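To start, the structure under review is shown below, and the notes come after it.
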Amino acid sequence: MTTSTAAAAYWEPLWSQGRRYRQLDDAENGLLEDYLGPGRDRPALDIGCGDGSLVRRLAQLGYRTTGIDCSPSAVALAAAQEPGLGHEPVWRCMDITTDDLDSLPEPAYTAVTCRLVYRWIDNKASFLSRVRHLLAPGGTFWVVTEIAGRRAATDPLQHLGITRAQAEILTAGWSTVRTADFDVLRCYALRP
């Protein structure tokens, strides 16, 4: 599987040098469970899986999980972790924005998740079209992203949030849009 040169060039050095990102916490896990519900052996895809923590959490909820990331080091780290309870995850090194979606193990997913990734997608409209293609009828697209303006102006990470316009692109065209906020993050549960 090939990955986008630009995405891999940015993320691979960070993961390979030991960089780690915000871990799931009880508040986020509770929202995930409330909004997605039990997996009942249905397929779930995590886009930008990083160390695989969200994939393992979905497996614990009973989903058949696949985690993808454009960084080979992130995928290797995720695959090396204990799977935890639930189904053994499938791991793929791929770029959701450029690679062939037919190479995924499922033709459609009941849950597609995207945690702390949406902000980094250049062509958001194209990305959302690809997600819609992968989402099974009645499925949920779960997005967790930072919102602009929630950090202090002096915080060096204040630029990480998505803008109102980027949020509008994300939520346009869904029949159901549910959100929940905690600290600097917003969780979106989007349904066709």
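The values are calculated or read from the model by the stated rules, or taken from the named source; none is laboratory data. Just so it is clear, the structure is predicted and the values come from calculations on it, not from any experiment. No Cβ is skipped: glycine too gets one built from the backbone with ideal geometry, and neighbour counts run over all protein chains shown. The protein model used for the area step is the full one, side chains on, heavy atoms only, and it has no ligands, DNA or RNA in it. Shrake-Rupley method; radii C 1.70, N 1.55, O 1.52, S 1.80 Å.
Taking into account only those residues within region 98-143 that are of a type in the set (D, E, K, R) and under 21 Å from SER71 (Cβ atoms), which is nearest to the chain's Cα centre (by Cα)?
Initial filter on region 98-143 (of a type in the set (D, E, K, R)): 99-100, 102, 106, 115, 119, 122, 124, 130, 132.
Filter once more, so that each one left must be under 21 Å from SER71 (Cβ atoms): 99-100, 115, 119, 122, 124, 130.
On the way: ASP99: 16, ASP100: 18, ARG115: 4, ARG119: 11, ASP122: 15, LYS124: 14, ARG130: 13 Å.
The residue in question is ARG115.
With respect to being in a loop (DSSP other than H, G, I, E, B) and among the charged types (D, E, K, R), ASP102 falls outside the description.
Tell me which residues, restricted to region 76-97, are over 16 Å from the mean Cα position of the chain (by Cα) and of a type outside the set (A, V, I, L, M, F, W, C).
Within region 76-97, the first condition is being over 16 Å from the mean Cα position of the chain (by Cα), and the residues that meet it are 76-77, 79-88.
Of everything in region 76-97, those that are over 16 Å from the mean Cα position of the chain (by Cα) and of a type outside the set (A, V, I, L, M, F, W, C) turn out to be GLN81, GLU82, PRO83, GLY84, GLY86, HIS87, GLU88.
Taken over region 19-47, the residue count meeting the criterion of being under 21 Å from GLU146 (Cβ atoms), in a loop (DSSP other than H, G, I, E, B) and in contact with a helix residue (DSSP H, G or I) (Cβ under 8 Å, 6 or more places away or on another chain) is 2. Taking (1) among the hydroxyl-bearing types (Ser, Thr, Tyr); (2) open to solvent by 10 Å² or more (accessible area, probe 1.4 Å); (3) under 16 Å from the mean Cα position of the chain (by Cα) in turn, SER73 satisfies each apart from (3).
For beta carbons closer than 9 Å, sequence separation of 6+ or different chains, a first residue in region 173-185 that is more than 17 Å from LEU24 (Cα to Cα) and a second that is open to solvent by 70 Å² or more (accessible area, probe 1.4 Å) and assigned to a loop (DSSP other than H, G, I, E, B), the qualifying pairs are GLY173/PRO192; TRP174/PRO192; SER175/PRO192; THR176/PRO192.
Of all residues in region 151-179, those being modelled with pLDDT of 85 or more and either of a type in the set (A, V, I, L, M) or within 17 Å of the chain's Cα centre (by Cα) (or both) number 14. Note on region 126-183: among residues that are over 27 Å from ASP99 (Cα atoms) and in a helix (DSSP H, G or I), the one that is least open to solvent (accessible area, probe 1.4 Å) is GLN158.
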